[in-house]
Amino acid sequence: MPASDPPAAESRHERELVVNACPPGWQNPTPGAPYHLLIIGAGPGGLVAARAAAALGAKVALIERHRLGGDSLNYGGVPSKAMIRTARLYADMRNASQYGAEPPADIRVDFFAAMERVRRIRARISRVDSAVRLVAEGIDLYFGTARFVGRDAVEVGGTRLRFRKALIATGSRSIQPTIPGLVEAGFLTNGNVFDLTVQPASLLVIGGGPLGCELAQAFSRFGTRTIIAHDEPLFLPKEERDAAQMVSEALARDGVEIHLNSKAVNVRVEGGRKLVDLVNDGNVATTAVEEILTGIGREPAVQGLDLEAAGVAYDAAAGVHVDDFLRTSNPHIYAAGDVCLEHKFTDTADASARIVVHNALFLGRKKMSALTIPWCTYTDPEVAHVGMYVKEARQRRIPVKTFTVPMHDVDRAITDSEEDGFVKIHVREGTDTILGATIVARHAGEMINGISLAMVAKIGLRTVASVIHTYPTQAEAIKKAADAYTRTHRTPFFAWLLRKWLNR
Ligand SMILES: Cc1cc2nc3c(=O)[nH]c(=O)nc-3n(C[C@H](O)[C@H](O)[C@H](O)COP(=O)(O)OP(=O)(O)OC[C@H]3O[C@@H](n4cnc5c(N)ncnc54)[C@H](O)[C@@H]3O)c2cc1C
């Protein structure tokens, strides 16, 4: 278990998770001939590769040092989204009057029950990739820490495993801020925050990326006095400014105290409270909280793998170096997921692992650069993006035209009182080719998939405009943006012809 993990909360859900994801007393198999594919790390990347390769008849070894499911199931997307869902329920209860209902007189937050639900959901999803199931699919499953002991060999628990091809899918870990006094004071990360059973009365979230914004909003909705400090002028630095601004406003509405351009520089404990000095433009403000949660980014998990022994090039910041086919500097070893990619998402780990199975085992030439990668930050409203940003297109000297539809012009957003946000679709100017899109909406993560599909299938905005969208749905905003395109893209001749016809 990683050093940052506290003892897991004792619950029957936790016990089920352990049985599925790291069964006590597990006996590792005895390796025989070199494996067709040896995989280090059983997060989404390693799991998808193992199951795909085994289903194709390959002899597969999968090695996991902690829990099957990796960060995504245990400390990432699954628990955070489960927690966010309950937080949203509390927000909806408080906003009941918006829906013509009376808010409950006394909204009592049962934090323990909410977190038990998180753990129940985690345990339930752990059944999908349980140890027993993987073995039944013909995968040789090893528990232990793997390290390379040669160009074609790995050691785990003193046993040497040989391979024809290997996949490094060891993921990433949270970057620890080097703030004097932080370690001594104690702090939460994504590795232990979902094990909380008692609600912190107050919380400082350090970092305004997706993790920080999602959890700051969730804790605030649970009723924790929440402060967020981010050392840049806007949250979600990668996103378009108007999208980031909407997240800021949403957090403020939910009662989060926002400190932008603010750096936490010192932590000390006084009277059982953690005092944190935040510096903004040379001014120091001290905030007193019960807990601190850090979320300042992720770094690739390359430590302890002895990559040098295998001739695999890497560096601490970018992780394992791979080419467009996800091959490392050792042509028999590939990498996928957070350990080598800039985009650190479950879906991307999955997609990259599929590329590896194809390329490593079947002489495939699938390229990572050919993928269209969407992502979403699950604040309320959500912020989803796919393809290029305008800034990026301009840097590449691609002329861009943008079609924007505010959600307050979309009937279903109005009926649901979910009017915050917009759909913004960028096309190559003079064509209907979609370059990218940003959606800010309560269900932006669902909506963006329609645009990803259009981009992958090379469907232009003109065709999107001809697709009947069910009414009333929030995804109609996409059709409205496409309609805006067709209205503005009649050739002068066609416009003249229309006028002639109508006035005949
Ligand atoms: C709080 C949070 C929320 C997130 N929310 C989302 C979301 O909503 N959507 C989304 O798409 N992504 C989300 N992510 C990102 C997502 O969790 C990761 O991108 C994804 O888990 C990466 O998968 P992976 O297989 O590359 O690595 P991981 O999931 O990190 O798995 C790697 C595995 O390798 C094991 N390992 C490491 N070293 C060794 C070794 N030497 N020997 C054996 N085993 C080893 C680890 O124990 C781990 O189980 C979130 C992340 C966090 C932290």
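The values are calculated or read from the model by the stated rules, or taken from the named source; none is laboratory data. Note that this is a predicted model, so its numbers are computed, not measured. Neighbour counts run over all protein chains shown; Cβ positions are idealised from the backbone, glycine included. What goes into the accessible areas is simple: the full protein's heavy atoms, side chains included, and nothing from ligands, DNA or RNA. Shrake-Rupley method; radii C 1.70, N 1.55, O 1.52, S 1.80 Å.
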Can you pull out the residues in region 167-206 that are at pLDDT 95 or above, open to solvent by 10 Å² or more (accessible area, probe 1.4 Å) and in a helix (DSSP H, G or I)? Val183, Glu184, Ala185
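Which residues, counting only those in region 184-207, are closer than 25 Å to Arg67 by Cα and more than 16 Å from the ligand (Cβ to nearest atom)? Show your work before the answer.
Pass one, region 184-207, residues closer than 25 Å to Arg67 by Cα: 186-198.
Listed by number, the residues that qualify are Gly186, Thr197, Val198.
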If I filter region 54-77 for residues that are within 30 Å of Asp416 (Cα to Cα) and not basic (Lys, Arg), do I get at least one hit? yes
Of (1) of a type in the set (A, V, I, L, M, F, W, C); (2) within 16 Å of Gln176 (Cβ to Cβ); (3) within 16 Å of the ligand (Cβ to nearest atom), Leu326 satisfies every one except (2)
Go through region 50-61 and report how many residues are outside any loop (DSSP other than H, G, I, E, B), among the aliphatic types (A, V, I, L, M) and either near the ligand (Cβ under 9 Å from one of its atoms) or open to solvent by 10 Å² or more (accessible area, probe 1.4 Å) (or both). 3
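For (1) open to solvent by less than 60 Å² (accessible area, probe 1.4 Å); (2) at pLDDT 95 or above; (3) small (Gly, Ala, Ser), each residue gets a yes or a no:
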{"site": "Ile228", "(1), (2), (3)": "yes, yes, no"}
{"site": "Leu234", "(1), (2), (3)": "yes, no, no"}
{"site": "Ala243", "(1), (2), (3)": "yes, yes, yes"}
{"site": "Glu257", "(1), (2), (3)": "no, yes, no"}
{"site": "Lys274", "(1), (2), (3)": "yes, yes, no"}
{"site": "Gly311", "(1), (2), (3)": "yes, yes, yes"}
{"site": "Ala317", "(1), (2), (3)": "no, yes, yes"}
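Filter region 62-100 down to residues that are outside any helix (DSSP H, G or I) and either open to solvent by less than 50 Å² (accessible area, probe 1.4 Å) or near the ligand (Cβ under 6 Å from one of its atoms) (or both), then give me how many there are.
Taking region 62-100 and keeping what is outside any helix (DSSP H, G or I), we get 62-69, 75-76, 95, 100.
From the residues that got through so far, the ones that are either open to solvent by less than 50 Å² (accessible area, probe 1.4 Å) or near the ligand (Cβ under 6 Å from one of its atoms) (or both) too are 62-69, 75-76.
Adding up the residues that qualify gives 10.
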Does at least one position in region 131-151 carry a residue that is surrounded by fewer than 17 Cβ atoms within 10 Å (Cβ to Cβ) and acidic (Asp, Glu)? yes
For region 392-402, indicate whether the set of residues that are touching a residue at least 12 places away in the same chain (Cβ under 8 Å), surrounded by fewer than 20 Cβ atoms within 10 Å (Cβ to Cβ) and in a loop (DSSP other than H, G, I, E, B) is non-empty. yes
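Given the residues Gly430, Gly436, Gly450, which is the only one that is in a helix (DSSP H, G or I) and small (Gly, Ala, Ser)? Outline the logic, then answer.
Values: Gly430 fails: in a helix (DSSP H, G or I); Gly436 fails: in a helix (DSSP H, G or I).
None of the others qualify; the one that does is Gly450.
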Of the residues in region 279-295, those that are farther than 11 Å from Ile227 by Cα and open to solvent by less than 20 Å² (accessible area, probe 1.4 Å) come to Thr294, Gly295
